[in-house]
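Data block below; observations after.
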Amino acid sequence: MTALDLPRRLMPGGGVPLAWRNLVADKWRLLRSSAGIAFAVLLMLVQLGFERAFFDASLSAVRALDGDLFAMNASKYRFGTYDPFAHRDFDAIRNVSGVASAAPLYAQWMAFWWTSPVDNKPHLVRVFAFDPEGSPVFLLAGIADQQSLLKADDTVLVDRDSRRFLGMDGDPREGKINGQTVKVVGSFALGPDFMSDGTVVMSDRLFAKLLSGGRERPQTLPVETAVVKLKPDEDIAAAKQLVSAALPPGLVVMTKPELVAFERKFQADLSSAAPIFFLGTLVGFAVGTLISYQIIYTDLADRLPQYATLKGIGYRNAYLVRSVLSQAILTGLAGYIPAWLLCLAVYRIIGQVALLPLRMTWQLTGISLFLTLAMCLLAGALAIRRVIAADPAEIF
Amino acid sequence: LPTDADDPPYLQASAVMRRLRVSLHLAWRILVYEKGRTALALGGVFIAILLVFIELGFFVAVPQGGMLVYDHMRFDLLLASENYQYQAQPWQFPRERLTRAAAVAGVATATPLYFGGGYWQDPKGGFRLDFFAIGFDPAAHPFAVDDIERQRDMLEEGDTLLVDDTTRPIFGPLNSGRELLINGRRMTIGGTYHLGTGFLGIGVAMMDEANFFRAFGRRNNPVNLGLIELAPGADAGKVAAALRQALPADVQLFTRDELKAHEDSYWTTRTSVGLIFGSGLIVSFIVGLMVLYQTLATQIARNLPEFATLKAIGYADIHLAAVVLIEAAIIVAIAFVPATAAALALYAMIRSQTLLPVMLTVPHLLGVLAAVLAMSAGSAMLSVSSLRRADPAEIF
């Protein structure tokens, strides 16, 4: 079906495309009404987008992990909390059959301060560390392909999408972490979440050196998460059982979807972002319904004599109802399409400035289209009583 | 019609008044003529104003989450490290700076505060949660919170803490007597207090400084913040200047106003909070403008024949414009009252849910009223352009 067929398809009864002709009869009015609906739709899209972006930002680190199974302390209530387990427990995983590789991921959210070249002050950053000789721990471009650079002494990779005040986006050559100078050998793009403003990736050796002044060696460093890859064609559920069995009871093993769901549940339960943006979407819907009601009601009121004439010459109410509802849908689409296009620009601009992963998805498109059509149909259904009540004998 | 220019000046003025009265009368008659339509217009404008109130509330209040705990502390000046970021990342400075500050003329007291991020776990196991602890000397009364003052004896018990009652449910029951492992050390909940966790974290607790030092393995030096109270009658500006003179550059001093400006700007500009709610505010203004314009344009379009008649009998465009402007102003003024009432109710709801200080201040109220009146005047002027086209000869 092409776009040009649409008005024809919506023609009730196969005669004159009444809904379409009514819609385009007055170009100025069409512009006015679609602008009204478009901004209500934009309001909903922006609020829905923020809600998604909030979750996506907090899930981005977990999603970037490159593994089939993840082992960590059962007392971890979210991924982003320092709660490591003993290194000797980690070693048991390597011997489980079906495991292709297991790499320890070390992390700290509250112990590393990056001196920003922007204001020369120390700022808390998130740090991920791993053995650069081992198998990759992150899927992220810029980490997986540059991890060999971390073999050199005192080298780090920085997140160029970190908050601007950290000065990681200006291609810095050198940086200072906890007072010690480090060489910046590359960058990746991960973005901040609502806890960390920026991220630094380093080798396990440097991690141990900066944290304990070198007293601890990587071989004994407590592990935040074990990133496990299975051999090809290995059954994930069965392997999960085997890995769990090899570990002491204080540790849990999760698949990647389980880890993402775990993190999502934490965010959903504890943040007030969802209700705030839900309220925004709801208001957008209410405003949109009201605007569409005004548009449809006015249009019906103006054309009441014509509708009465149609009734007078024998058209049934069902025809008129279909016509009005078709016009409601067309009006909704006339507002939706420009709003959707405008929203792409809004997402892009706000996403870049606020470092938020605002992205138009099929799901967002579907939800917002559904809400738009729902508000227009609701408004049409409310306004239609006038047409049904129209008495041809009384109108003139 | 005789022109006003022929009249003496005092009569010209009264002629203007007379015309204005006629316009006012006409606008009122239009509004009461079709009550259904007017109710619809009022509903639309009501929602538009409410939308602006909601977005403004979030935009103003969310950054204030950063001030919540400060607002309940007793101090005239706040002493902080030169590296101070925001409340939850205050950095630290030598206790000696407080001793030096206390010796400055006009300073009554200089009280240290200790901040720490710790771990909270049930002795039976389960999640090990991050919480935020504040340590202080209860005798110094740094907090103006009744619950804390009242439970001073409890606070001074060994290994006891008071917990904010808005600490999230994931922390489990907060009943007094519950035993906990705080950083691995056995402590007991002595009671709860009602303040709000602000942006300190998802769980906040207060401790006597002796308990804090034991739980966090710290000493009384360095300190995280210093609360300075002035002697009665001391001039805050002069004392602040003297303090800045007396203290080295590793600390900085904030008056209450400066602190509020600092925290607000941290949350609005450094994080994405300002942008998220700022863009919500802008979109809400545009949607409000659309609703107003849609409503007014519809009203005028419906009365176009009548306006054309008025033109034909000699009314100038400016008088018709006055009618439209007055009509818009009346609609806004009437819709503003229930919108304000609804906003107050919504704010109270948000306040009790989030403990964010969402307040409807007089400047905000007047600001929204002015903005909405300007928006309605703007959309009235836009819709008046269609009036100018009202050609008496063509309309009928």
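The values are calculated or read from the model by the stated rules, or taken from the named source; none is laboratory data. Here the structure is a predicted model, which is why all the values come from computation and not from measurement. Because the Cβ atoms are built from the backbone with ideal geometry, glycine has one as well, and the counts that use them run over all protein chains shown.
Quick look at the values:
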item	result
Only listed residue being within 19 Å of the chain's Cα centre (by Cα) and over 22 Å from A:ILE37 (Cβ atoms), chosen from A:GLN306, A:GLN352	A:GLN352
Candidate set: region B:87-107, residues that are part of a strand (DSSP E or B) and more than 11 Å from chain A (Cβ to nearest Cβ); chosen: the one nearest to B:GLY203 (Cα to Cα)	B:PHE93
Failed item, numbered, when B:LEU181 is tested on (1) modelled with pLDDT under 95; (2) within 13 Å of chain A (Cβ to nearest Cβ)	(1)
Number of the condition not met by B:LEU253 [criteria: (1) more than 12 Å from B:GLY116 (Cα to Cα); (2) not in a strand (DSSP E or B)]	(2)
Matching entry among A:LEU304, A:LEU259, A:LEU325, A:LEU310 (being in contact (Cβ under 8 Å) with a residue 12 or more places away in the chain and over 30 Å from A:VAL46 (Cα atoms))	A:LEU304
Of all residues in region A:93-111 being polar (S, T, N, Q) and surrounded by fewer than 18 Cβ atoms within 10 Å (Cβ to Cβ), the one that is nearest to A:ASP68 (Cα to Cα)	A:SER101
Scope region A:93-135; condition away from chain B (no Cβ under 14 Å) and among the polar types (S, T, N, Q); matching residues	A:ASN95, A:SER97, A:SER101, A:SER135
Single match in A:PHE90, A:PHE70, A:PHE54, A:PHE85 (criterion: within 12 Å of chain B (Cβ to nearest Cβ), over 20 Å from the mean Cα position of the chain (by Cα) and crowded, with 21+ Cβ neighbours inside 10 Å)	A:PHE85
Sole exception among (1) buried (at least 21 other Cβ atoms within 10 Å of the Cβ); (2) outside any strand (DSSP E or B) for A:ALA129, by number	(2)
Residue list for region A:183-231, restricted to those being surrounded by fewer than 16 Cβ atoms within 10 Å (Cβ to Cβ), in a helix (DSSP H, G or I) and of a type in the set (Gly, Ala, Ser)	A:SER212
Any chance A:LEU344 is buried (at least 16 other Cβ atoms within 10 Å of the Cβ), at pLDDT 85 or above and assigned to a helix (DSSP H, G or I)	no
Any strands (runs of 3 or more DSSP E) falling wholly within region B:123-198 and containing at least 2 residues that are of a type in the set (Ser, Thr, Tyr)	B:185-193
Among the candidates B:ALA241, B:ALA249, residue that is loosely packed, with under 14 Cβ neighbours inside 10 Å, within 14 Å of another protein chain (Cβ to nearest Cβ) and more than 21 Å from the chain's Cα centre (by Cα)	B:ALA249
Meets criteria (more than 33 Å from the chain's Cα centre (by Cα), over 20 Å from B:PHE132 (Cβ atoms) and part of a loop (DSSP other than H, G, I, E, B)) for B:ASN221	yes
Odd one out for B:VAL291 among (1) buried (at least 16 other Cβ atoms within 10 Å of the Cβ); (2) assigned to a helix (DSSP H, G or I); (3) more than 10 Å from every other protein chain (Cβ to nearest Cβ); (4) of a type outside the set (Lys, Arg)	(3)
Residue identified as in contact with a helix residue (DSSP H, G or I) (Cβ under 9 Å, 6 or more places away or on another chain) and either surrounded by fewer than 20 Cβ atoms within 10 Å (Cβ to Cβ) or within 25 Å of A:ALA102 (Cα to Cα) (or both) among A:PRO257, A:PRO275	A:PRO275
Restricting region A:34-48 to residues that are facing chain B (nearest Cβ under 7 Å) and over 18 Å from B:ILE54 (Cβ atoms), the residue that is surrounded by the most Cβ atoms within 10 Å (Cβ to Cβ)	A:GLY36
Which listed residue, of A:ASP145, A:ASP161, is assigned to a loop (DSSP other than H, G, I, E, B), buried (at least 18 other Cβ atoms within 10 Å of the Cβ) and modelled with pLDDT under 95	A:ASP161
Residue satisfying condition, being more than 28 Å from the chain's Cα centre (by Cα), at pLDDT 90 or above and more than 14 Å from every other protein chain (Cβ to nearest Cβ), within set B:ALA13, B:ALA110	B:ALA110
Hits in region B:264-280 - residues which are crowded, with 19+ Cβ neighbours inside 10 Å, assigned to a helix (DSSP H, G or I) and more than 7 Å from every other protein chain (Cβ to nearest Cβ)	B:TYR266, B:TRP267, B:THR268, B:VAL273, B:GLY274, B:PHE277
Unique residue being at pLDDT 90 or above and under 24 Å from B:THR298 (Cβ atoms) when the list is A:ALA389, A:ALA339	A:ALA339
Qualifying position, being among the small types (Gly, Ala, Ser) and farther than 17 Å from B:PHE216 by Cα, among B:ALA108, B:ALA88, B:ALA133	B:ALA108
First in region A:341-354 and more than 13 Å from A:LEU45 (Cβ to Cβ), second anywhere and surrounded by 13 or more Cβ atoms within 10 Å (Cβ to Cβ) and small (Gly, Ala, Ser), Cβ under 7 Å, 6 or more apart	A:ALA354/B:SER272
Test for A:GLU234: is it over 30 Å from B:GLY44 (Cβ atoms), modelled with pLDDT of 85 or more, part of a helix (DSSP H, G or I) and more than 14 Å from chain B (Cβ to nearest Cβ)	no
Test: residue in region A:285-293 that is under 21 Å from A:LEU43 (Cβ atoms), more than 14 Å from chain B (Cβ to nearest Cβ) and assigned to a helix (DSSP H, G or I)	no
Residues being away from chain A (no Cβ under 11 Å) and either part of a strand (DSSP E or B) or buried (at least 20 other Cβ atoms within 10 Å of the Cβ) (or both) - total across region B:69-86	7
For B:LEU281: the one exception among (1) under 31 Å from the mean Cα position of the chain (by Cα); (2) at pLDDT below 80	(2)
